[in-house]
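Here the structure is laid out as structure tokens; the discussion comes afterwards.
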């Protein structure tokens with residue numbers, strides 16, 4: 001905290017310089033860093049007040065001025081505040097504070113898998129909305145019969161990437177299929193990949209000659225316009241082989257700009273993965289959409305959702321599919337932090 005307070009003082013001094021806004025981009029970066037430091041200090045001070053209030057109340061209880069129940073209640077509040085701060089302290093990488101691009105792909109299972117991918121899309125949409133995050137659908141490919149083959153969401157909000165980065169991997173669904181006339185129990189898979197949505201604080205250089213652009217007609221909802229103009233774009237980054245598509249906006253120019261942001265996010269995440277690989281951290285590796293590689297199972301008829309990395313599970317399947325993911329996200333981040341500490 002001492003270091004953060006020094007950083008706050010330094011950054012506030014910078015904002016007082018007469019030429020601070022001469023470079024608006026650099027000024028915005030300074031303000032974002034300043035806001036981040038202030039948020040952490042505010043969280044710490046809030047917890048410190050809870051602890052101090054508990055200590056004071058305990059002294060009053062010893063003198064018979066307050067009841068033991070009042071002390072217990074205040075202690076529970078302080079403990080919850082400490083736990084919450086400990087959880088947020090796991091989000092300590094520069095990219096954790098960013099928004100994210102969340103990609104869902106249907107895996108093995110045909111129509112059933114497409115429906116499962118659509119259920120996951122709804123789950124993440126509801127989670128993001130419950131956090132007050134801004135969500136935009138960047139790309140979507142509908143299934144032949146139902147659901148989606150793939151979709152990409154842009155989620156803008158503080159720590160969206162840090163909170164969701166543990167969702168990378170294969171999600172397995174087990175249920176009595178509504179698409180099977182015999183009412184058989186079916187297993188389906190879908191993969192989820194989360195990429196940090198880079199902003200001005202992170203610079204990724206791309207050589208324009210390394211890009212191949214295509215345009216095509218947008219698909220899906222959107223009125224007659226989407227079928228009349230080639231506003232959707234696809235860009236391929238030749239050195240890495242990464243391909244992204246965007247059909248969010250009506251304007252091809254806007255879609256090109258958004259596609260570049262998506263590409264930079266993928267390239268940045270690729271570099272992060274290389275760094276993790278160098279440290280022998282294998283959890284960021286992408287897995288096949290099939291048996292034996294899932295990170296979480298959703299078994300609906302047994303009413304059980306279980307994360308195979310942390311062991312955390314719940315019987316509240318409906319709540320989870322309605323976006324109640326916080327316990328799973330917290331369990332992963334705390335488990336990951338503990339594993340790093342032991343290393």
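Residues that are out of contact with any helix residue (DSSP H, G or I) (no Cβ under 8 Å at 6 or more places or on another chain) and modelled with pLDDT of 90 or more were ranked within the range 70-99; the one that is farthest from residue 264 (Cα to Cα) is 72. Listed by first and then second residue, the pairs linking a residue in the range 256-284 that is within 18 Å of residue 168 (Cα to Cα) to a residue that is surrounded by fewer than 17 Cβ atoms within 10 Å (Cβ to Cβ) and at pLDDT 75 or above, with Cβ atoms under 6 Å apart and 6 or more places separating them unless they lie on different chains, are 266/242; 267/204; 268/204. With respect to residue 47, determine if the residue is in contact with a helix residue (DSSP H, G or I) (Cβ under 9 Å, 6 or more places away or on another chain), surrounded by 14 or more Cβ atoms within 10 Å (Cβ to Cβ) and in contact (Cβ under 8 Å) with a residue 12 or more places away in the chain. Yes.
Apart from one condition, residue 145 fits all of (1) farther than 22 Å from residue 304 by Cα; (2) part of a strand (DSSP E or B); (3) touching a helix residue (DSSP H, G or I) at 6+ places or on another chain (Cβ under 9 Å); the exception is (2).
I need the full set of residues from the range 199-226 which are at pLDDT 75 or above and not in a strand (DSSP E or B), in order please. Let's see the steps before the verdict.
Initial filter on the range 199-226 (at pLDDT 75 or above): 204-217.
Within the range 199-226, 204, 205, 206, 207, 208, 209, 210, 217 qualify.
Being more than 13 Å from the chain's Cα centre (by Cα), outside the structural domain of residue 272 (by TED's automatic domain parsing), more than 18 Å from residue 322 (Cβ to Cβ) and in contact (Cβ under 8 Å) with a residue 12 or more places away in the chain narrows it down to one residue among 152, 137, 103; which is it? Show your work before the answer.
Values: 152 fails: more than 13 Å from the chain's Cα centre (by Cα); 103 fails: more than 13 Å from the chain's Cα centre (by Cα).
Being more than 13 Å from the chain's Cα centre (by Cα), outside the structural domain of residue 272 (by TED's automatic domain parsing), more than 18 Å from residue 322 (Cβ to Cβ) and in contact (Cβ under 8 Å) with a residue 12 or more places away in the chain holds for just one of 152, 137, 103, which is 137.
Being in the same structural domain as residue 164 (by TED's automatic domain parsing) and either within 30 Å of residue 243 (Cβ to Cβ) or in contact with a helix residue (DSSP H, G or I) (Cβ under 9 Å, 6 or more places away or on another chain) (or both) is a description that does not apply to residue 54.
The values are calculated or read from the model by the stated rules, or taken from the named source; none is laboratory data. Being a predicted model, the structure only gives us computed values, none of them experimental. In this analysis, Cβ positions are derived from the backbone assuming ideal geometry, glycine residues included, and neighbour counts consider all displayed protein chains.
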